[in-house]
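Written out below as structure tokens is the structure these notes cover.
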Amino acid sequence: MPVIEERCTISVKGQTTIPRSVRRALGVGQGDRIAFRIQGNVVTVEAVEDGHDPALGAFLDLIARDMATNPGSLRPLTEATHARLRSLTQGVNADPDQEIEGEVSL
């Protein structure tokens with residue numbers, strides 16, 4: 001991999017934009033995660049593999065674009081779809097009011 005050096009400015013809130021060349025080199029984009037590692041006065045940045053399914057992400061992006069483009073085509077879920085969802089989650093114990101530990105990525 002070639003050496004890439006980019007400079008950026010830190011905002012008042014401590015934020016910065018990761019330059020496009022760095023994002024491309026790491027293969028990351030919106031919603032992806034990166035990790036910073038500090039050793040002495042050297043900082044490295046690497047892409048974090050969260051185990052997200054890229055096919056699911058692409059499918060959800062497709063749905064989001066379709067909903068934004070064609071909002072009039074949205075329909076409520078049918079009872080058959082509700083039944084299917086209930087069967088898929090049968091036996092799964094989840095408390096939606098329970099605190100979530102750790103970081104959450106949406």
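The values are calculated or read from the model by the stated rules, or taken from the named source; none is laboratory data. The model shown is predicted, which means the values in this text are computed figures rather than measured ones. Ideal geometry is used to build each Cβ from the backbone, glycine not excepted, and the neighbour counts take in all protein chains shown. The accessibility values were calculated without ligands, DNA or RNA, using every heavy atom of the protein model including side chains. Shrake-Rupley method; radii C 1.70, N 1.55, O 1.52, S 1.80 Å.
So that you can scan it fast, the table gives a plain yes or no per residue for (1) among the aliphatic types (A, V, I, L, M); (2) part of a loop (DSSP other than H, G, I, E, B); (3) surrounded by 10 or more Cβ atoms within 10 Å (Cβ to Cβ); (4) modelled with pLDDT under 90:
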position	(1), (2), (3), (4)
8	no, yes, yes, no
30	no, yes, no, yes
52	no, yes, yes, yes
56	yes, no, no, yes
81	no, no, yes, no
87	no, no, no, no
96	no, yes, no, yes
100	yes, yes, no, yes
Legend entry - Checklist (1) in a strand (DSSP E or B); (2) of a type in the set (Gly, Ala, Ser); (3) farther than 17 Å from residue 103 by Cβ applied to residue 21, failing item: (1)
Inset, instruction - Scan segment 58-67 residue by residue and report those that are over 28 Å from residue 16 (Cβ atoms) and open to solvent by 80 Å² or more (accessible area, probe 1.4 Å). - result: 59, 62, 65, 67
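Scanning segment 41-50 for residues that are over 19 Å from residue 3 (Cβ atoms) and assigned to a loop (DSSP other than H, G, I, E, B), which turns out most open to solvent (accessible area, probe 1.4 Å)?
For segment 41-50, the residue satisfying everything is 49.
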